[in-house]
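Visitor: Once you've had a glance at the structure underneath, I'll fire off some questions.
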Amino acid sequence: MKGTVTIITGGSQGIGRGIAEFLAEKDGDIAIFDIVDGEDVVSSIRNKGRKAEFFQVDVTDFLVVGQAVNNVLNRMGRIDSLVNNAGIAIDKLLLRMKEEDWDRVIQVNLKSAFNCTKAVIRHMLKTGGSIVNISSITGVMGNAGQSNYAASKAGLIGFTKSIAKEYGERGIRVNAIAPGYIKTRMTESLDDKTKEEMLKAIPLRRFGEPLDIAHVVYFLLSEYGNYITGEVINVNGGLYM
Ligand code: NDP
């Protein structure tokens with residue numbers, strides 16, 4: 001990753017932060033797009049001797065994303081990779097789900113990937129590049145109470161394969177990762193009984209860490225993933241296989 005610049009959405013905390021820190025350890029430079037302040041992760045990366053910049057960006061806003069991508073090019077000089085990681089969950093059974101719950105989750109989890117990918121692709125057409133979309137086990141197998149989230153994450157998989165087909169010949173690779181249960185703020189609110197039952201269903205008998213996802217992102221973005229595109233990699237301890 002030496003000297004490369006990767007944009008990571010939702011990179012101020014959780015899985016995104018784990019990805020940012022690990023890519024920096026592999027000598028990559030990082031641009032964080034998040035609505036939550038990312039100065040903490042930026043200073044941690046700078047302490048590792050790499051370049052890092054934080055951009056306050058709501059990834060649902062097409063125009064703001066376009067401007068932020070231009071700012072990355074101006075301040076960091078290049079964009080090699082994009083990780084569409086920002087995401088939210090508003091879990092409810094369909095009968096209780098409001099229209100705004102559906103719309104918000106689709107906007108943040110799926111429309112954001114359109115916004116960010118469209119903004120970087122024109123640049124990547126000249127240079128080549130690699131994109132990783134963070135989908136979910138829920139997008140692959142569905143989950144009661146998460147129809148909006150599952151639809152957004154399944155949508156990301158269709159988006160991944162389509163863009164991989166559109167731009168493979170231009171040297172742009174696009175892949176998705178479908179994480180299982182990863183220990184972050186998003187999952188810590190689940191009740192103990194649910195966590196216990198889930199643990200029993202995971203053959204590796206542990207929940208994932210952000211680093212488990214970061215390792216696979218690195219694999220896909222680096223030269224090790226050079227002949228892989230349009231793929232969805234399950235990283236879930238065997239919860240779904
Ligand atoms: P976190 O909530 O810990 O981190 C997500 C980050 O994205 C937060 O900083 C969040 O800010 C930010 N964000 C939310 N909305 C926007 C927006 N509109 N614009 C910019 N940034 C935004 O989540 P995780 O690290 O757990 O999840 C990361 C990704 O991984 C998500 O796409 C999630 O769906 C996916 N995933 C997570 C799994 C898990 O078990 N944790 C399992 C499978 C997939 P804020 O705090 O304000 O919301």
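Visitor: If you place +1 on the Cβ of every Lys and Arg and -1 on the Cβ of every Asp and Glu, how big does the dipole about the Cα centre of the stretch 29-174 come out, in debye to the nearest 20?
Guide: Around 580 debye, computed over the stretch 29-174.
Visitor: I would also like to ask the following. Under the Kirkwood approximation applied to all pairs of distinct alpha-carbon atoms, what is the hydrodynamic radius of the stretch 142-206 in Å?
Guide: About 14.4 Å, per the Kirkwood formula over Cα pairs.
Visitor: What ³J(HN,Hα) values, in whole Hz, does the Karplus curve 6.51 cos²θ - 1.76 cosθ + 1.60 give for the stretch 30-39 when θ = phi - 60°, with x put for Gly and Pro?
Guide: Values, residue by residue: 10, 10, 9, 10, 7, 8, 8, 3, x, 5 Hz.
Visitor: Which chymotrypsin sites (Phe, Trp or Tyr not before Pro) does the stretch 162-241 hold that lie in a coil by DSSP with at most 11 other beta carbons within 10 Å?
Guide: For chymotrypsin sites (Phe, Trp or Tyr not before Pro) across the stretch 162-241 that sit outside H, G, I, E and B with at most 11 neighbouring Cβ atoms in 10 Å, the list reads TYR227.
Visitor: Please work out the FRET efficiency for the pair LYS165 and ASP192, using the Cβ-Cβ distance as r and a Förster radius of 45 Å; give the result to the nearest 0.05. Can you show the working numbers first?
Guide: Details: r = 44 Å, r/R0 = 0.97.
Efficiency, from the Cβ-Cβ distance: 0.55.
Visitor: Shifting gears a bit: Around ILE172, which amide H atoms from residues at least 5 apart in sequence, or from another chain, sit under 5 Å from its own amide H, with H modelled in the peptide plane?
Guide: HN-HN under 5 Å from ILE172: GLY129.
Visitor: Rounded to whole Å, give me the distance from the Cα center of the stretch 200-241 to that of the stretch 103-169.
Guide: If we compute the Cα centre of each part, the gap is 17 Å.
Visitor: Could you give the semi-axes, largest first, of the ellipsoid that matches the stretch 26-104, computed as the square roots of 5 times the alpha carbon gyration tensor eigenvalues and rounded to whole Å?
Guide: Working: eigenvalues 189, 46, 20 Å².
Taking √(5λ) for each Cα gyration eigenvalue gives 31, 15, 10 Å.
Visitor: Between SER43 and VAL232, what is the label-point separation in nm under the 7 Å Cα-to-beta-carbon projection?
Guide: Going by the 7 Å Cα→Cβ label model, 4.1 nm.
Visitor: Once fully extended, how much extra length lies between LEU199 and LYS26, figured as 0.36 nm per residue of separation less the alpha-carbon to alpha-carbon distance?
Guide: Details: separation 173, 0.36 × 173 = 62.28 nm, distance 3.13 nm.
My answer for the length gained is 59.2 nm.
Visitor: OK, next. Once the piece of chain linking ASN74 and LEU94 is laid out straight, how much longer is it, given 0.36 nm per residue of separation minus the C-alpha distance between them?
Guide: The span from ASN74 to LEU94 would gain 2.7 nm if fully extended.
Visitor: Follow-up. Taking only the Cα atoms of the chain, how large is their convex hull per residue, in Å³?
Guide: So the per-residue Cα hull volume is 119 Å³.
Visitor: Right, another one. For a quick check, take a GNM of the chain with Cα springs below 10 Å and name the residue from ASP34, ASP212, ASP103 with the largest mean-square fluctuation.
Guide: Among ASP34, ASP212, ASP103, the largest mean-square fluctuation in the Gaussian network model of the chain belongs to ASP103.
We did not get these values from a lab; they are worked out from the coordinates using the rules stated. Quick caveat: nothing in here was measured; it's all calculated off a predicted structure. When we count neighbours, we look across all protein chains shown, and the Cβ atoms used for this are built from the backbone with ideal geometry, even at glycine.
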